[in-house]
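Working notes, structure below.
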Amino acid sequence: MRSQASPRDIRAPRCRRMWLRSETAFALLLFTSDLVGLVLAWKLGLRLNRFYAPLPPDLAAWYWLGLPSIFWLFAAGLVFLIAVSGLYHPRGHWKNYLRLAKVLSLGYLLALAIAYFYDPKVDLPRSLFFSAWGLSVVFAVILRLAVSLGFKVWTLRQPIRAFLVAPPERQEYLSSLLEQRSNYKIVGRAIATMANEPQTVEEILAAQADEVIVEGLPPDHLASRLYWQLRQHGIALRLIPSSLEMLYRRGTPEIVAAVPTLRVDMTYLHGWEYRLKRYLDVILALIGIVVLAPLFIGVAIAIKLTSPGPVFFRQERVGLHGRVFQMWKFRTMRADAPQLQAQLEAHNESADGILFKVRNDPRRTPLGCFLRKTSIDELPQLFNVLWGDMSLVGPRPLPLRDVARFHSWHHIRHQVLPGITGLWQISGRSQIGNFDEAARLDLYYIDNWSLNLDLEILVETVRIVLFGSGAY
């Protein structure tokens, strides 16, 4: 007879607090945006199709909101595919825009195959099928981008209650860092060596933490034990790795000769995904230049009228494989700013001296302050993108002065094409005081690169530029 006091499996849940109300609401919002995207795609597809072939009567047994029955059945199937793919999960999977496009395309192809085997004589007109397919992908991705931008702005205004577990000498630094640069509110602390103690979990529960942030866990302490204890109560765990070797390597867990290993396949930045990245760089840069042409002209006139000197500022920067190129910006400083920089080195606010940052730089012009705050001064780099010196997204190219102060591992960032924006820019920008922090972000970007990550960075960049955070 089994004892009633038998120990519980560590994986067994103890509560149902897995999704917070806001996260459930957000999942419903994503569902609504996907459904609206499908409705808009079919509405427009049907309008275009009326000039070609009519919809077979067998596929329109009834209509609702102006759409035939086949659409509502098909939409239900597509939404089900999106759901089982994890794209309504509130913890980040919804950001996989390219995967959403793939799932939608798979749904259309499956529908085509099912329709053929069911009755080859009854199918959607090709004009409707292909237009609805393409428009569904476009509308669904665009609406999800809009939802993600709005949700990001909203979540940044909602404090996250975080419990910090770290070595004593790191707790003060991490606490101030998290509270100054994010919407985290530290509600408790514990020493890393006490991470797996019952009293630590009790303190976490008493503090009503939404998330536990851990750094410096001793090698003999299993992070999985803490993870499962927190999961039982619906509390997220965030680990801060402490070694360069393990931080920025993606891999697949595998057992080799009874030894747990992490297989690393270096497959980034080549193949069709990278070629598509380059095509998108050129297309979006051309569109940006054409659309922003009036702004370019207005800024150029304003620079000429407010300060003597050229409209553009060109500076030598280090790009792919250490190649030096001329990077373009709108001029935001006096014409003799490069010559005056040596006099300001003593006022450099960078902690390690690698970057040159002076918050109240006396060389800036009044107009230049505005251009920097809004990041308008960076727009001429769209021409650098067209010429192939830069990409829209990538590690930020730095001046020769900064690169000369690099440590050896910093140069890894030069293995990929530099960008106008990147993880560095959306994770603190000018607030980052130590270059090691920025370099780690660049390495993370390189090792985890995907088109979806580029798209996420671009969306976040738009939000940051609109709110002007971190720029000076």
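The values are calculated or read from the model by the stated rules, or taken from the named source; none is laboratory data. Quantities reported herein were computed from a predicted structural model and do not represent experimental measurements. With ideal geometry, Cβ positions are generated from the backbone for all residues, glycine too; neighbour counts draw on all protein chains shown.
Just checking, how many residues over the range 196-208 are buried (at least 18 other Cβ atoms within 10 Å of the Cβ) and under 30 Å from the mean Cα position of the chain (by Cα)?
Qualifying residue count for the region: 1.
Would you please list the contacts, defined by Cβ atoms under 7 Å and residues six or more apart or on different chains, that run from a residue in the range 63-83 that is assigned to a strand (DSSP E or B) to a residue that is surrounded by 15 or more Cβ atoms within 10 Å (Cβ to Cβ) and of a type outside the set (Lys, Arg)?
TRP64/TRP72; LEU67/VAL39; LEU67/TRP42; PRO68/LEU55; PRO68/LEU59
Checking ARG363 against (1) under 24 Å from GLY419 (Cβ atoms); (2) surrounded by 13 or more Cβ atoms within 10 Å (Cβ to Cβ); (3) of a type in the set (Lys, Arg), which test does it fail?
(1)
Starting from residues that are β-branched (Val, Ile, Thr) and in a helix (DSSP H, G or I), keep the ones in the range 358-387 and report whichever is nearest to PRO308 (Cα to Cα). Steps first, answer last, please.
Pass one, the range 358-387, residues β-branched (Val, Ile, Thr): 358, 365, 374, 376, 385.
Then keep just the ones that are in a helix (DSSP H, G or I); that gives 374, 376, 385.
Values: THR374: 22, ILE376: 19, VAL385: 28 Å.
Per the criteria, the residue is ILE376.
Any residue in the range 154-169 that is over 15 Å from ILE186 (Cβ atoms) sitting within a Cβ distance under 6 Å of a residue that is not in a helix (DSSP H, G or I)? List the pairs, counting only those 6 or more apart or interchain.
Every condition considered, the pairs that remain are LEU156/ASN183; PRO167/GLY216.
Consider ARG170 against the criteria (1) surrounded by 15 or more Cβ atoms within 10 Å (Cβ to Cβ); (2) over 26 Å from LEU44 (Cα atoms); (3) in contact with a helix residue (DSSP H, G or I) (Cβ under 6 Å, 6 or more places away or on another chain): it satisfies all of them except one. Which criterion is unmet?
Looking at each condition in turn, ARG170 falls short on (3).
State the number of residues belonging to the range 370-388 that are free of Cβ contacts under 8 Å to residues at least 60 places away in the same chain, surrounded by fewer than 19 Cβ atoms within 10 Å (Cβ to Cβ) and of a type outside the set (Phe, Trp, Tyr).
1
Hey, any hits in the range 8-22 for a residue that's modelled with pLDDT of 80 or more and on the phi < 0 side of the Ramachandran plot?
No, the conditions are met nowhere in the range 8-22.
Given the criteria touching a helix residue (DSSP H, G or I) at 6+ places or on another chain (Cβ under 9 Å) and either in contact (Cβ under 8 Å) with a residue 40 or more places away in the chain or crowded, with 21+ Cβ neighbours inside 10 Å (or both), does GLY394 qualify?
Judged against the criteria, GLY394 is a match.
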